[in-house]
Each structure stands twice: as structure tokens, then as C-alpha cells.
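Just so you know, all these numbers are worked out from the coordinates, no wet-lab data involved. The structure displayed is predicted, hence computed values, not measured ones. Don't worry about glycine lacking a Cβ; one is built from the backbone with ideal geometry, like all the others, and counts go over all protein chains shown.
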């Protein structure tokens with residue numbers, strides 16, 4: 001939730017937890033000097049994710065094309081991730097079924113297609129529609145995770161990060177606030 005208009009000062013305090021407007025502005029990524037009206041609509045978080053569990057399958061060639069269930073995927077998907085093919089963009093032979101979880105917000109001015117981690121894996125994946133080719137660090141409720149670009153397919157730049165095994169699995173069902181560090 002962003003800073004509301006009207007009583008901007010009290011709204012900024014409730015959103016940022018800072019009583020000083022200079023400190024509140026810094027948390028909202030405003031450089032000084034600034035007008036308090038510039039705080040309206042801004043939020044400390046860039047996006048939030050409600051972690052859910054999805055299944056994914058791999059297409060294998062035996063005598064004909066067969067679908068084999070592989071593992072569980074934990075994370076969130078935006079409404080357009082299935083239409084853009086973001087769930088299968090890492091490999092055309094991997095398809096996410098019944099994507100669960102949700103993502104609200106944007107990052108680096110781009111729509112977020114997915115954020116996921118396979119169960120028992122130490123890799124986390126993030127997709128941004130036409131995302132920039134750059135490294136960045138995100139804070140997930142205080143846990144900093146660094147992402148690097150890994151591929152570009154279906155108008156989606158994919159980023160990967162090394163995290164502890166089952167990090168998203170352990171967050172299943174939770175809503176996490178995320179912001180760029």
C-alpha cells in the first residue's frame with residue numbers, strides 16, 4: 001500500500017515507520033530536496049508475492065511425446081505468465097501446470113511474469129517482461145538475494161539467484177514484501 005493523499009505526513013509515517021520526512025523520503029527512494037506531494041502513491045516495497053505451490057512437467061520422447069510429472073515448484077505467477085509462455089521459457093520441454101501463488105507490483109519498470117524455485121533446489125528464477133540485462137539485489141522481508149541475467153525468451157528476461165535449499169518452499173502460503181536494494 002502506498003502513501004495516501006490528504007494527510008501525507010501521517011500516511012508516510014504509517015507506510016515507512018519513519019517520523020522524519022527526510023528519512024521517510026529516503027525509504028520511498030526520493031532524493032532530497034523533494035515535495036511531500038511526491039510521496040503520494042509511493043511504497044517501500046516494489047512488489048509483493050504470495051507464495052503458492054505449482055506442479056511442472058517435462059515432455060519426453062519415448063515412442064511418442066509423453067508428459068511426465070517431475071516436481072513441485074514454489075513461487076508466484078502474474079496473470080500474463082501463461083499467455084506469454086514465461087513458465088516454459090527456460091526450456092521448451094518444461095511446462096508449468098496450474099500455476100499458483102501471485103505477484104503484485106513491478107520491478108525496474110517491468111512487469112513480473114514469475115518468481116519460482118523448484119523443491120529441493122538452490123536456484124531461484126525471476127522473469128521480467130523486456131527486463132534489462134543487469135544484476136540486482138532484492139530484499140525479501142529482510143533477506144537479500146542477488147539476481148543475474150540468465151536468458152531472454154518470449155519477450156521475458158530471466159534472472160537466476162543462488163538461495164538456500166527450499167527457501168520458497170518454507171515460505172509457502174506467506175505474502176512477502178520485496179524491494180530493490
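Tabulated results
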| quantity | calculated |
| --- | --- |
| Per-residue Cβ neighbour rank within 10 angstrom, fewest leading, 30, 128 | 30, 128 |
| Footprinting exposure proxy for 103, 176, 112 (fewest neighbouring C-beta atoms within 10 Å first) | 176, 103, 112 |
| Ranking of 35, 159, 179 by count of other Cβ atoms within 10 Å, fewest first | 35, 179, 159 |
